[in-house]
Each structure stands twice: as structure tokens, then as C-alpha cells.
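Since the structure comes first, as C-alpha cells, the remarks are kept for the end.
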Amino acid sequence: MKTIRLEDLEKSIADALQYVSHHHPPDYIRALKEAYIAEENRYAKNAILQILINSKLSAAARRPICQDTGIAHVFMEIGMDVRFSSDITPMPSLQDVADNAVVAAYTDAANPLRATVVREPLGTRKNTGNNAPAVLHISMCQGDTLRVTVSAKGGGGDVKARFAMLNPNESVEEWVLEQMPKLGAGWCPPGVLGIGLGGSPEQAMRMAKEALHQPIDIQQLRNKADLDDYERLRLSLYDRINNELNIGAQGLGGKSTVLDIKLRHAPCHAAMLPIAIVPNCAATRYMTFELDGSAAACMPVHDETLWADIPEVVNAGEAIAVNLDTLTIEEVRLWKAGDMLLLSGKMLTARDAAHKRIVNMLHEDQSLPVDFTGRAVYYVGPVDAVGDEVVGPAGPTTSNRMDAYLEDFIEKAGLMVSIGKAERSRQAIDVIRKTRTAYLSAVGGAAYLIAKTITASRVVAFEDLGMEAIYEFEVRDFPVVVAIDSAGGYVHKGIVPMYRVWPTASPGRD
């Protein structure tokens, strides 16, 4: 029987959460490189390059890959011959250990991670301030070791989770293909799609998420001689999603939507076929370690040559230089969907909570704390800065959460340009066309790279909202694509533009 100290377990979980905040798994980087080489769509290829550069810079600086540093998931497989000990009396629970590790990791002064968790799902949705509690899953197995998988799942990925109860005669493959265009690009593809098949409803969801904790091996699977039904399904979905749907990296088109399809399955009732899908986004963050009672886990040391052939700056290429400080509506109306821009000058930021306050003030004819007339607003909630940073990682949040507020922001507040990630609803497209403004898309999964384009930052309103406060950023060569132009043309052709909008604010989600 092995004895494992809870103090070692807590330190290992905290160290792992810090590590995965700035290091992609090596297999993800290798698969992303292969996707970059194979991609022919120039918009998608540029987006993949930004994610690769961001990965290289984040690993070197030990700073978060994405501003949404996620909710901590801890999966423990405990050997039946394991016992726990602790210097603390009474001995803390495993939930306490996981929660304490989350607090230690997310409040680390050297690399603070963004607090995203809200205490209550309804009502005030007050942020816990330290990203606790953890989501803890425990299973018992044979042996005398403790195997732990730590995953930081951002809202952009988990919000796209889907579940259905199919009839046994319905096609799993066709259901998944039907869902993909409806997921949009808010999960920041390319990434890995996890599928849970069979079991019970809650078991299917868990299997879909746990399936993501396996190395990418889809190309090796092609060389396997004798495939079973599940392996054939994986290959067929991989090929059809990438070759038929034209979603692509960031939803910009092309053939780089998924890097792998992962699947776990379990026995189920004869009358039902449960299925769940959960994507891993461009901020793929997980690692597994084992404890045998000897000490805390050691974090892996990646081969630095993994990033050696990746540049450190984006090639501007055909991008149009834009001065936000002198930008006119006439210039905006010259842009065409697909144009790549490099923005310089001052922009404002606003997320869900700030949008809700501003629109309430507009409806009550109150004076606004900041003038939006002729301005650009960036949808972002940055990580706190450290050292000499102007701002921490500051990638875009999902834009369609702001769609319900867009018309008021343009017609009543005077907004000229909005900036975020992924597609927008049909309602938002119609508003942009009617007002002849524009929407620009930044790359989700390139948060640290984007932060390096921000040369100055200050809070200008709603400081009490923390990361959801309104900032003014000054930027230099901030890379974006014109996603919706003033005529209503849009680049997210492989995604169904839904009419649905978010009617109320949802603070704390990316």
C-alpha cells in the first residue's frame, strides 16, 4: 500500500494548472504545424500562424496562451491500494485539496490567471475572485498509484458542448456533421472534437470530455490495417468535417477545422443511443501525472526545437494599415469582407456586463461615462499585467454574446466598428448592413501575441467590474480580418448565421 501526502497532491495540481496555462501539448503543436502546411485558404492559414506564434511566445514568457484561463477540471484515478496522509488535522477532503490548488495556481503573483468562475449561476453571478472551486471527478481502480489529469477548459469550448438522445437506428455520423456548422467558430478551431457515445446521459458528456485527454493520432490511424467501427467513424468524421463543411480555422473557411476526432464509448440501454460532443479549443490545456508517494509531480520539459521553425511576428503581407484615431465612416465603407487590417491607435473595450450597463444608461437617457462616437470597441477581458507588461494576454471573446446590444451601441452611442472573435447572428449582420458599419475578427487563441500589440492601457469606466471594466487600449499593428463589411458581406461562409441573440449579460464567460 502506498501513502500519498495531500500536500504533494495539492502542489502537483497547482503546478500543473500553471504549466498548462502557457504550454500547449507537443502533439497539438505538431498537428497544428501540419495543418498550417496543408492549408490553402489564406485567411485560415494566417490565423493558424498566429496561434503557432502565440504558442511560442507564451511558452517562452510563461504567460497564458489565452485570456480565458478556464475552469479547472481535475480527474483522479485512485488505486485501491492508495491511502492519503496530511499534516493538517482534520484531514482535508479531496475537493478541498483541489480547490486550494486552484487558488494557489490562479493567484500566483508571477503568472496570475484570470478569475472566471461565478458563485451562483443565477442572480448576481458574483465572481469567486480566485477561480475556485475546481470541477472534481473521482474514479477508483486497481493498483497503488494515483493518476491525475488536470484540464483548464475555457468557456469558448465548453459552451459549444452538445448532447442528444438518438434512436438506435439514427446515424451518429450525420448528427455530428449536422451540429458542426451550428457550433460556430467561438471554440476557436482548429481543435480536437471529443465524442462520448453510449452509457447514460451524464456518462456520455463525461466521456466526451475525457476523450480529449488522449494524444492526437488520427494520421497514424490511417495506417492501421484492421479498423473497428469506432475508428472508422473517427476517420470518416475527420475527413468529412475538414473537406465538406468549409468551416476552417476560426471559421474563416478552408480544411483545418478539426485536428483529430476522439471517441469514448460505453454500454447503453437497448432503447437509446446517447451522444455528446465537446470540443477542445485553440487553448488546448491539459496534462496527466502520477503520484506514487515519493514526492510531488515534476512538470515536463518540452524540447524547445518544437517551436524553432515558428516566427515571432506575423507577416503583414497584404494587410491594410488603419489609423483608428483618424478613421472615418467613409474609410470603413471601403473595406470588403476578407480584407486583412493592421490597426493602430486608440480603441475601447467592453464585454457583457459593460454592455448591459451602457444600454441601460442609454434607455434611461443618462450621460455615458465614455464617448463611443466614431470609436472601435474590442470585446475582451484581459488577464492582469505582470512586470513591465502594459496588459496581460488579451484575446477576443465571443462576439455574438454582444449582438443584442449592437444596434443601441451603433445607433444611440455612435459606435463605428466592433472587434471580437467568430461569427455573428443574422440580426447583427442586418444591423451592420443597415448602419453601414463593420465588424472585425481577431484570432481566438492568440491572446499573448495580441497583448504585445497593445502599447498603453487604462481603465476609463466601471472599474468595479474588474476584467470586465471598460479600458482604453492604444495599439500598434493589431491584426484583424474584416468579418462583416458595411454591405453585409461576411467571411464565415461555413457557419449558419443564427437569428438567436443573447438577451441578457452573461458575465464571466469567454
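The values are calculated or read from the model by the stated rules, or taken from the named source; none is laboratory data. These numbers were taken from a predicted model, which means no experiment stands behind them. Because the Cβ atoms are built from the backbone with ideal geometry, glycine has one as well, and the counts that use them run over all protein chains shown. Keep in mind that these areas ignore ligands, DNA and RNA; they rest on the heavy atoms of the full protein, side chains included. Shrake-Rupley method; radii C 1.70, N 1.55, O 1.52, S 1.80 Å.
Among the residues of segment 411-438, the one identified as out of contact with any strand residue (DSSP E or B) (no Cβ under 7 Å at 6 or more places or on another chain), open to solvent by less than 20 Å² (accessible area, probe 1.4 Å), farther than 29 Å from Pro64 by Cβ and in a helix (DSSP H, G or I) is Val431. Beta carbons closer than 8 Å, at least 6 apart along the sequence or on distinct chains, pair a first residue in segment 81-97 that is without any contact (Cβ under 8 Å) to a residue 60 or more places away in the chain with a second that is assigned to a loop (DSSP other than H, G, I, E, B) for Gln95/Pro133; Gln95/Ala134. If you go through segment 439-457 and keep only what is in a strand (DSSP E or B) and either not aliphatic (A, V, I, L, M) or not assigned by the TED database to the domain that holds Pro369 (or both), you end up with Tyr439, Ser441, Thr455, Ser457. Note on segment 338-359: among residues that are in a strand (DSSP E or B) and open to solvent by less than 20 Å² (accessible area, probe 1.4 Å), the one that is nearest to Arg401 (Cα to Cα) is Thr349. Only strands (runs of 3 or more DSSP E) whose full extent lies in segment 1-100 are considered here, and the ones with at least 2 residues that are open to solvent by less than 10 Å² (accessible area, probe 1.4 Å) are 71-79.
If the condition is being at pLDDT below 90 and within 12 Å of Ser55 (Cβ to Cβ), then segment 299-321 contributes His302, Glu312. Residue check, Tyr379 against (1) in contact with a Pro (Cβ under 7 Å, 6 or more places away or on another chain); (2) touching a residue at least 60 places away in the same chain (Cβ under 8 Å); (3) not β-branched (Val, Ile, Thr), all met but one. Which one? Evaluating Tyr379 over (1) in contact with a Pro (Cβ under 7 Å, 6 or more places away or on another chain); (2) touching a residue at least 60 places away in the same chain (Cβ under 8 Å); (3) not β-branched (Val, Ile, Thr) leaves (2) as the failure.
Being within 23 Å of Ala72 (Cβ to Cβ) and open to solvent by less than 10 Å² (accessible area, probe 1.4 Å) is a description that applies to Ala208. Of the residues making up segment 247-287, those that are part of a strand (DSSP E or B) and open to solvent by 50 Å² or more (accessible area, probe 1.4 Å) number 2. Here segment 458-469 is the region considered, the condition is being part of a strand (DSSP E or B) and within 16 Å of Ala385 (Cα to Cα), and the residue that is least open to solvent (accessible area, probe 1.4 Å) is Val459. Filtered by the rule that a residue be part of a strand (DSSP E or B), open to solvent by 50 Å² or more (accessible area, probe 1.4 Å) and not assigned by the TED database to the domain that holds Pro267, segment 144-184 gives a lone residue, Arg147. Taking segment 303-324 as the range and being open to solvent by less than 30 Å² (accessible area, probe 1.4 Å) and under 25 Å from the mean Cα position of the chain (by Cα) as the test, the residues that pass are Leu306, Trp307, Ile310.
It is to be established whether one or more residues within segment 108-121 are of a type in the set (Ser, Thr, Tyr) and open to solvent by 20 Å² or more (accessible area, probe 1.4 Å). No, segment 108-121 has no match at all. Is it true that Gly392 is at pLDDT below 95, closer than 30 Å to Asn315 by Cβ, part of a loop (DSSP other than H, G, I, E, B) and touching a helix residue (DSSP H, G or I) at 6+ places or on another chain (Cβ under 8 Å)? Criteria not met by Gly392. If you filter segment 325-337 down to residues that are without any contact (Cβ under 8 Å) to a residue 60 or more places away in the chain and in a helix (DSSP H, G or I), you find that the one that is surrounded by the most Cβ atoms within 10 Å (Cβ to Cβ) is Glu331.
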